[in-house]
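First up is the structure itself, then whatever we jot down about it.
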Amino acid sequence: MTGLIRCCCGLVLALIILGGARAALACACCTDEGQRNVGTVELDSGKRQEIESLRFGGKATLFTGAGDVEGVEGITTPSGSYELAAKWLDNRLVFSFRDKGGHTGTLAMARPNAVSVFEIDPRNVPDRGGQGPTLYKEWKLSAPAAGGGVFAPGSGPRQILTLIIHGHGNSCTSSIDFSHWTLVMQGPKANYTLYGNLVTTK
């Protein structure tokens with residue numbers, strides 16, 4: 001009987017320790033009201049792995065605001081929407097586009113050494129069951145732009161391509177936190193924005 005009691009006590013103690021470890025792990029990802037994490041950091045292997053595991057949806061939209069598609073400069077035959085395929089080729093992220101008329105083009109950027117991080121409590125999302133507010137997140141990658149096909153007129157020296165991935169989550173960021181992307185072309189020859197969804201497992 002004494003042995004049985006000792007065994008039960010040991011089992012209870014193990015469960016308490018395991019529960020405490022799980023709680024500590026969960027708390028490491030907890031957030032706080034007013035939390036901010038804004039800055040530029042090294043694109044280390046962990047962040048690189050999360051970014052390279054992103055999957056882009058099959059559609060891209062050209063932002064025009066109150067203007068017309070025809071007014072967008074730097075694209076030979078600008079279109080309001082495109083079929084999209086995106087993949088990493090060695091250290092370059094290549095976006096391939098095709099519009100309804102069959103016109104094609106590519107935008108590419110080399111993988112940079114740094115990533116800009118913007119993770120804040122937006123103050124308008126409810127607490128996640130005692131683990132703190134859900135953060136709004138953006139990661140930004142910027143590099144010299146390379147364009148081909150219909151995007152060739154807008155490529156050249158001092159043209160910068162910036163990929164922004166958007167989403168929500170806790171203090172432990174992974175690829176599944178991100179749900180949308182924005183691609184911004186900036187420079188003396190072209191300034192335009194494309195955007196779309198990411199395929200997530202949430």
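The values are calculated or read from the model by the stated rules, or taken from the named source; none is laboratory data. Note that the structure is a prediction, hence the values are computed from the model and not measured. All Cβ positions, glycine included, derive from the backbone under ideal geometry; neighbour counts span all protein chains shown. Heavy atoms of the whole protein, side chains included, go into the accessibility calculation; ligands, DNA and RNA do not. Shrake-Rupley method; radii C 1.70, N 1.55, O 1.52, S 1.80 Å.
When residue 153 is tested against the conditions (1) farther than 22 Å from residue 79 by Cβ; (2) open to solvent by 40 Å² or more (accessible area, probe 1.4 Å), the lone failure is (1). Restricting the range 69-121 to residues that are more than 30 Å from residue 47 (Cα to Cα), loosely packed, with under 15 Cβ neighbours inside 10 Å and of a type in the set (D, E, K, R) leaves a set whose member that is farthest from the chain's Cα centre (by Cα) is 70.
Cβ separations smaller than 8 Å between residues 6+ apart or across chains give the following pairs from the range 179-197 residues that are in contact (Cβ under 8 Å) with a residue 12 or more places away in the chain and polar (S, T, N, Q) to residues that are crowded, with 17+ Cβ neighbours inside 10 Å and outside any strand (DSSP E or B): 186/159; 191/74. All conditions in (1) in contact with a helix residue (DSSP H, G or I) (Cβ under 7 Å, 6 or more places away or on another chain); (2) touching a residue at least 60 places away in the same chain (Cβ under 8 Å); (3) over 19 Å from residue 193 (Cβ atoms) hold for residue 75, with the sole exception of (3). Here 196, 102, 169, 148 are screened, and the one residue that is of a type in the set (Gly, Ala, Ser) and modelled with pLDDT under 95 is 169. Figure legend. Inter-residue proximity from the range 137-154: first residues under 14 Å from residue 39 (Cβ atoms) and of a type in the set (Asp, Glu), second residues outside any strand (DSSP E or B) and modelled with pLDDT under 95, beta-carbon distance below 9 Å, spacing 6+ or different chains. No pairs are indicated.
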